Ligand SMILES: *Cc1c(COP(=O)(O)O)cnc(C)c1O
């Protein structure tokens, strides 16, 4: 069977490694010689227990997660974590600090406000989120329950190069669009969460990495599914987990290990992004949205001289086999999402197309 695939620049759900998809396809009908497909097998079965344990082990290896952290697979996307984080970690009478760098940070703030007191420690809203805040712009409250930030701003195309300083409070990160794209020093974090559908796997599973001592903040009053302590104790198997999504995340983790782990992935991602930013910078025809020192290696955002040209670019690119380049409506212009699995040759194809388009329309 031959399947025609296009270059998929979608921000999420996003491209997955072809090897991973091929292996998943093999196992749809019968997994691990069980005669039962991976979507049909019991989450309490031996083969699936091995899948979820290996997925966790491989993620631990990739990120070098210390034993004092727990790894939990949730459903509900990053959006449910916007609620779970304050519900578990923001005690009565306490304040949570949020650094606001885009649409997703705003959503996280909105959910935290339903739970308790929120202090905006910094925002780069002015200028439409072209950058992340500088260290001296972050004004923490007196004694925050935690400090929340968004490591990569999927829509605006900005990314932190290093973590903001939380002044000793637990640092909480929405890493939905750059988790496993580069090595991280997990010890700097209290909690990291990431919806899988950008850089980890299919939609339906959310990875949560949480420092053990923070589990003590989860109270009995919480809805059971939102209780970090309980979900960690039950090893993500309190109820039926999103089995297929966890399985594919496991395959992606295995693919990353086979390809040199996160240091190699970081180099590959830097090289891909550099080609696009070089192309943008080398021509007056293109204008990048993000300020250079805040540029994302995952989502590259730029504009042409006028909306009409933006639209024509997206349409012609689509005809040339490049899908998903239209920017988010809040930024406009174009966006190329080039996560781990996006092939370097695909970036070359886009760069050639950009040069050609500029020559024809500039
Ligand atoms: C996509 C995205 C979200 C929303 O994720 P869901 O899984 O759809 O809830 C949140 N944060 C960031 C940074 C994202 O890129």
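The values are calculated or read from the model by the stated rules, or taken from the named source; none is laboratory data. As the structure is a computational prediction, the values presented were derived from the model and not from experiment. In this analysis, Cβ positions are derived from the backbone assuming ideal geometry, glycine residues included, and neighbour counts consider all displayed protein chains.
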Can you find a residue that is in a strand (DSSP E or B), away from the ligand (no atom under 12 Å from the Cβ) and touching a residue at least 12 places away in the same chain (Cβ under 8 Å) anywhere in region 233-245?
no
Every residue from region 171-188 that is within 16 Å of the ligand (Cβ to nearest atom), in contact (Cβ under 8 Å) with a residue 40 or more places away in the chain and not in a loop (DSSP other than H, G, I, E, B)
172, 174
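Do we have residue 21 as without any contact (Cβ under 8 Å) to a residue 12 or more places away in the chain and either buried (at least 21 other Cβ atoms within 10 Å of the Cβ) or not in a loop (DSSP other than H, G, I, E, B) (or both) here? Explain how you work it out, then say what you get.
Numbers: without any contact (Cβ under 8 Å) to a residue 12 or more places away in the chain: yes; either buried (at least 21 other Cβ atoms within 10 Å of the Cβ) or not in a loop (DSSP other than H, G, I, E, B) (or both): yes.
Here the answer is yes, as residue 21 does meet what is asked.
Here are 90, 62, 80: which of them is within 16 Å of the ligand (Cβ to nearest atom), in the same structural domain as residue 180 (by TED's automatic domain parsing) and either within 21 Å of the chain's Cα centre (by Cα) or closer than 25 Å to residue 133 by Cβ (or both)? Spell out the reasoning first.
On the way: 90 fails: within 16 Å of the ligand (Cβ to nearest atom); 62 fails: within 16 Å of the ligand (Cβ to nearest atom).
So the residue among 90, 62, 80 that is within 16 Å of the ligand (Cβ to nearest atom), in the same structural domain as residue 180 (by TED's automatic domain parsing) and either within 21 Å of the chain's Cα centre (by Cα) or closer than 25 Å to residue 133 by Cβ (or both) is 80.
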Among residues belonging to region 100-119 that are away from the ligand (no atom under 13 Å from the Cβ) and assigned to a strand (DSSP E or B), point out the one that is farthest from the chain's Cα centre (by Cα).
117
Residues (in a loop (DSSP other than H, G, I, E, B) and either within 12 Å of the ligand (Cβ to nearest atom) or within 9 Å of residue 16 (Cα to Cα) (or both)) located in region 189-211:
196, 197, 198, 199, 200, 201, 202, 203, 204, 205
Can you pull out every residue in region 54-74 that is touching a strand residue (DSSP E or B) at 6+ places or on another chain (Cβ under 8 Å) and exposed (fewer than 15 other Cβ atoms within 10 Å of the Cβ)?
68
Quick one: how many residues across region 263-272 are buried (at least 17 other Cβ atoms within 10 Å of the Cβ) and in contact with a helix residue (DSSP H, G or I) (Cβ under 8 Å, 6 or more places away or on another chain)?
3
